[in-house]
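J.: One structure, pasted below without further comment.
The values are calculated or read from the model by the stated rules, or taken from the named source; none is laboratory data. In this text, all values refer to a predicted model and were calculated from it rather than measured experimentally. Quick reminder, even Gly has a Cβ in these numbers, built from the backbone with ideal geometry, and neighbours come from all protein chains shown. When the accessible area is computed, the model is the full protein with side chains, heavy atoms only, and any ligands, DNA or RNA have been set aside. Shrake-Rupley method; radii C 1.70, N 1.55, O 1.52, S 1.80 Å.
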Amino acid sequence: MTQYEQEKQSVVGKRMSLLFMVIFFALAVLIFRLSFLQLSEGEELLKRAENNRYVTQSIPAPRGNILDRDGNELVRNKPAFTITFQPLNTEVQDSTMLISELAPVFNLSIEDLYKAMDPHAIKYSPSMARKVITNAPDQIVAYVREHADELPGFNVIVEPIREYVRKDFASHVVGYLNDIPADYYEEHKEEYQQTDLVGTAGVESQYEKFLHGKNGTYKVEVNINYQPVNKDKAITVEPVKGHDLKLTIHSKLQEATENALKARVEEMGKTIPTVKHGAAVAMNPKTGEVLAMASYPDYDPTMWVEGISAKDYATKFAPAEMNRTMQQVYEPGSTIKMSTVLIGLHEGKITPSTVIYDPGYTKFLDTTIRSWKSIGDVDARRALAESSNVYMIETFKGVFDFNSLGRDVNHYLNVTLKEKMNLVLDYHKEMGLGLQTTGVDLPYEAKGQITQEGYVSDLAFASFGQNEKYTLLQLAQYTSTIANEGKRMQPYVVSEIIKPDGTTLQKTEPKLLGETSFTKDEYRVVREGMLDVSRKPYGTFYGVFGNYPIQVASKTGTAETGRGGTENSVYVGYAPYDDPQIAIAIIIPDNKHMSQSGATLGPIAKAMMDAYFNLGEQSAEKKEEKKAE
């Protein structure tokens, strides 16, 4: 071996030794690191591995039930199958293929199924299981279960869903559920899932925090398709049911009100195309309990539970969504005349025996304002019974110091008119009218509206209800205040909140909102005038309650709407006259010109009183007794 070869071999050897030392050192470090991980972090790594094959699912809590005043279930829960979908990685799941395959099976369009599955996490987070079909029929459930291996990400779960026992019964009081709004979810992430439904109207919305329970959890092992395995080893934390609500609703009265309202609107609509809606409400004037609240058309809240189609939304829900007893304001017409008489009496401008001649019209400046008929000489009581516009205008001429107009027109328009109008509005506010709500425990209540154009004619139109708009519930509260001789009660629909264990969490006590400035003697005059509306042959509601076994105090009204010559037909009343237990308000808007509220609303008012006082049952029993004889 030459010297060169010897030197070369020596260099190679040194390099190999160095390489072996580097490899040895690296292996030593790796072994040390593995040992460290095994000893110090093994438990954490094991936990991560476990979490990779276990998922924790939310178990929806049953919502609280909703009961009528007698404890009968109006809304409850029932178990139902729900088809869910969990997006997975594209190696396991082809969402496009799944949508094409399942759309005909699920009886959904490609677009609707894509929206429900949300495979690209546009609406829901990637880790959130989507609810594709709620209350799925048995054949779809069977298909998903039988083809589980071919449907990665799809599962069948059992969850409680809302059951509205009587469908559209009291639907505007009960309300409905809808998808949780994004902003609400962000504020309540700890309590809700993105796929939860929440109350959107009625008590379902107003009392959401009580009705919504506490969701449970279900930790279970899943396979590569995200489908549970080894269910017997799952770890479950049971959900907690929400609180029940007991309503003030009198079911018999509610049913009678809804049926009579629907029948009347539909019958009138056959010959009067503008008549499409109606509303009626009843409350206990002494406590404020809402006994019945009906708005026509109504809707079945069940359509929201299973998902509503665009067609059903447009044709069945949208026309019925508004609660016309408290979300819509109407011209009250002559039902406002009780307040006009009260103000005139209290301000000393008329007495109970003040007589004014009503020829059927009056000249007001350059305008002729007509009553609905020529009445003749009337005092305060008869002015209410026959609904004299002339009497009311002359009364407000005194209240508004109309004779001072000729002395200084500018001062009258800029000072006197405004001061007197504010005086009238203050009186109205005491009675529950004006730019305010009643305070009922339901969402989206509208405030009353006042139109003041600054003309002298404002005082005339204010006297018989043509320059203001109120909700029907305001008119019921106003009528209750008259029945109570000045005590204004706050309406409410929930009387009790009940815990899951059956004990009471909260009871609603009647709330006095205020008392009016009027005296009992002044109220006596108005109450007697309202009784004459029903009891005197010349009263505008005599044909309905003239011979009724219970004395009913009433007031009818018609109000021009400014819409194609139509008028609102309005009625308010309470009974019994000497011991008020129920006050009602009814409206059918957009009736034909010169319609009579007695003929229009009498069948509804009578049906409501019959139901509350059980008079219909008594009549039926008497007929049966006569047949037996």
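J.: Distance between the C-alpha centers of the stretch 229-294 and the stretch 402-449? Whole Å please.
T.: After rounding, the separation between the Cα centres reads 34 Å.
J.: Any idea how far apart residue 413 and residue 547 come out in nm if each label point goes 7 Å out from Cα toward Cβ?
T.: Using points 7 Å along Cα→Cβ, the separation is 5.6 nm.
J.: Mind checking which lysines have their Cα closer than 20 Å to the Cα of residue 507? Skip sequence neighbours fewer than 8 apart in that chain.
T.: List returned: 209, 241, 246, 286, 499.
J.: Decide, for the stretch 255-384, between rounded, prolate and oblate: order the square roots of the alpha carbon gyration tensor eigenvalues as a ≥ b ≥ c, take rounded if a/c falls under 1.5, and otherwise choose prolate if a/b is larger than b/c, else oblate.
T.: Judged from the Cα gyration tensor, the stretch 255-384 comes out prolate (a/c at least 1.5, a/b above b/c).
J.: How much length is gained if the chain between residue 593 and residue 240 is pulled fully straight, taking 0.36 nm per residue apart and subtracting their Cα-Cα distance, in nm to one decimal?
T.: Taking residue 593 through residue 240 to full extension adds about 121.4 nm, to one decimal.
J.: Mind ordering 135-146, 402-413, 479-490, 171-182 by average Cβ neighbours within 10 Å, highest first?
T.: Sorting 135-146, 402-413, 479-490, 171-182 by mean packing, highest first, produces 479-490, 171-182, 135-146, 402-413.
J.: Something else now. Classify the stretch 264-320 as rounded, prolate or oblate, taking a ≥ b ≥ c as the square roots of the eigenvalues of its Cα gyration tensor: rounded when a/c is under 1.5, otherwise prolate if a/b is larger than b/c and oblate if not. It would help to have the intermediate numbers written out before the result.
T.: Working: a/c = 4.10, a/b = 1.26, b/c = 3.26.
Taking the square roots of the gyration eigenvalues as a ≥ b ≥ c, the stretch 264-320 is oblate.
J.: Which aspartates and glutamates have a Cα lying under 13 Å from the Cα of residue 363, excluding residues fewer than 8 positions away in the same chain?
T.: By straight Cα distance, residue 363 reaches 394.
J.: Still on this model: Choose one of 543, 442, 476: the residue whose Cα lies farthest towards the positive end of the charge dipole of the stretch 414-565 (beta-carbon charges +1 Lys, Arg; -1 Asp, Glu; about the Cα centre).
T.: 543
J.: Going by alpha carbons, how many degrees (0 to 90, nearest 10) lie between the helix axis of 520-535 and the longest principal axis of the chain?
T.: Once rounded, one gets 90 degrees.
J.: Go through 569, 181, 301 and say which Cα lies farthest out towards the positive end of the charge dipole of the chain; charges sit on Cβ, +1 for Lys and Arg, -1 for Asp and Glu.
T.: 569
J.: Please identify which residues in the stretch 600-616 have an amide N closer than 13 Å to a label point set 7 Å out from the Cα of residue 263, following the Cα→Cβ vector.
T.: Only 602-611, 616 fall inside the zone, counting backbone N under 13 Å.
J.: Counting Lys and Arg as +1 and Asp and Glu as -1, what is the net charge of the other residues whose Cβ lies under 15 Å from the Cβ of residue 402?
T.: -1
J.: Mind checking the full-extension length gain between residue 374 and residue 96? Use 0.36 nm per residue of separation minus the Cα-Cα distance, one decimal, nm.
T.: Once the chain is fully extended between residue 374 and residue 96, it gains 92.4 nm.
J.: Once you charge only the Cβ atoms, +1 for Lys and Arg and -1 for Asp and Glu, what is the size of the charge dipole of the stretch 495-574 about its Cα centre, to the nearest 20 debye?
T.: Dipole of the stretch 495-574, to the nearest 20 debye: 120 debye.
J.: Here's something else I'd like to know. Assigning unit charges at the beta carbon (Lys, Arg +1; Asp, Glu -1) and nothing else, what dipole magnitude in debye, to the nearest 20, does the stretch 115-194 show about its Cα centre?
T.: Computed about the Cα centre, the dipole is about 240 debye.
J.: Next question. Rounded, prolate or oblate: which fits the chain when a ≥ b ≥ c are the square roots of the eigenvalues of the alpha-carbon gyration tensor, with rounded for a/c under 1.5 and prolate only if a/b beats b/c?
T.: It is prolate, given that a/c is not under 1.5 and a/b is the larger ratio.
J.: Could you size up the charge dipole of the chain around its Cα centre, putting +1 on the beta carbon of Lys and Arg and -1 on that of Asp and Glu, and report it in debye to the nearest 20?
T.: Result for the chain is approximately 580 debye, rounded to the nearest 20.
J.: Rounded to the nearest 10 Å², what accessible area does residue 435 show when all protein chains are kept and the probe is 1.4 Å?
T.: The accessible area of residue 435 comes to roughly 120 Å².
J.: By how many degrees, 0 to 90 and rounded to 10, does the Cα axis of helix 472-483 deviate from the longest principal axis of the chain?
T.: Between the helix axis and the principal axis of the chain, the angle is about 50 degrees.
J.: Of 356, 249, which has the most accessible area with a 1.4 Å probe, and how do the rest follow in descending order?
T.: The residues order as 356, 249, largest area first.
J.: Run the simple label-point estimate for residue 363 and residue 112 please: 7 Å along Cα→C-beta, distance reported in nm.
T.: 6.8 nm
J.: Percent of accessible area on the stretch 97-144 owned by carbon and sulfur, 1.4 Å probe?
T.: 58 percent
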